[in-house]
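Presented below is the structure to which this report refers.
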Amino acid sequence: MRKIWLAWLIAFLVITVLAPTSAIHGLDVGTSRTLEGLGRRYPFLQLIWVVGGIPLTTLAVLFVASGRLGKTVTQWRFLGLFIIGSLVEIVAKHFVTTPFPPNIPPVGYYRQLVIWTNIEPSTIFGWIRDFNHSPSVSHLSSSRLLRGSFPSGHVFRITYAYGLFMSFQWRLLVAGLAALCVVATGGHWIWDAVGGYVLASLFLQWAYGLSTQGGSRYA
């Protein structure tokens, strides 16, 4: 059971290598066109950017890592691996230069809700420029560092953070719904979503593998 992490690692590496290929791009475009109508018809699907944003998912991980606010033993490895996995996601976005899908922006109060609860890379770079006006920082932008859309950080965070409370079957279902939403709203390709799910599964396996109870919980 403890060797399952190796299978997840190999799967993620293979998926990463295939991400920029023309065959995968064709699959991505076809899936995006199929689901685009859902994103325009049902604006509530934009809530995926709230549910999978950094603030809410980090709070969920902190709750578990703290031993559910002191009710059980602290398990800070969950938070540490969540941070490491997020860094892997950022590094992958820099080196895997996949094109970005056509975005469907949120409308009405959904737009403001997404802005309030979802920290985007562009927001972080804006904060940095506001505090430091040096020439090197002023030219800093998310497009220069995060040059591709692979993998989906939101699917990664949703699968990892909320997956801490779920069995494998429920995690798979939740990740599938998250994938549908991020593709339908034009935030990611389907392959990005697959990459985010596999990356989260890898780090969850590592997290649970560090304890004797991890294998049974993860299966």
Note to self: With the crude spin-label approximation of a point 7 Å out along Cα→Cβ, what separation in nm comes out for Leu177 versus Leu9?
What the structure shows: 3.3 nm
Next item on the list: Please label the shape of the stretch 52-102 as rounded, prolate or oblate, based on the square roots a ≥ b ≥ c of the eigenvalues of the alpha-carbon gyration tensor (a/c under 1.5 means rounded; beyond that, a/b larger than b/c means prolate, else oblate).
Entry: oblate
Margin query: Let me make sure I get this right: for the stretch 1-59, a, b and c are the square roots of the gyration tensor eigenvalues over alpha carbons, sorted descending. Under 1.5 in a/c it's rounded, otherwise prolate if a/b > b/c, else oblate. Which is it?
Written below: oblate
Margin query: Need one value: the accessible area of Tyr197 in square angstrom, 1.4 angstrom probe, rounded to the nearest 10.
Written below: 30 Å²
Notebook entry, point to check: Once you sort the root eigenvalues of the Cα gyration tensor of the stretch 1-113 as a ≥ b ≥ c, which label holds: rounded (a/c under 1.5), prolate (a/b larger than b/c) or oblate (the other case)?
Noted result: oblate
Next item on the list: Can you send over the solvent-accessible area of Thr72, 1.4 Å probe, protein chains only, in Å² to the nearest 10?
Entry: 70 Å²
Check: Can you give the accessible area of His94, probe radius 1.4 Å, in Å² rounded to 10?
Finding: 50 Å²
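The values are calculated or read from the model by the stated rules, or taken from the named source; none is laboratory data. Note that the structure is a prediction, hence the values are computed from the model and not measured. Note that each Cβ is placed from the backbone with ideal geometry, even for glycine, and that neighbours are counted across all protein chains shown. SASA here: full protein model, heavy atoms, side chains in, ligands and nucleic acids out. Shrake-Rupley method; radii C 1.70, N 1.55, O 1.52, S 1.80 Å.
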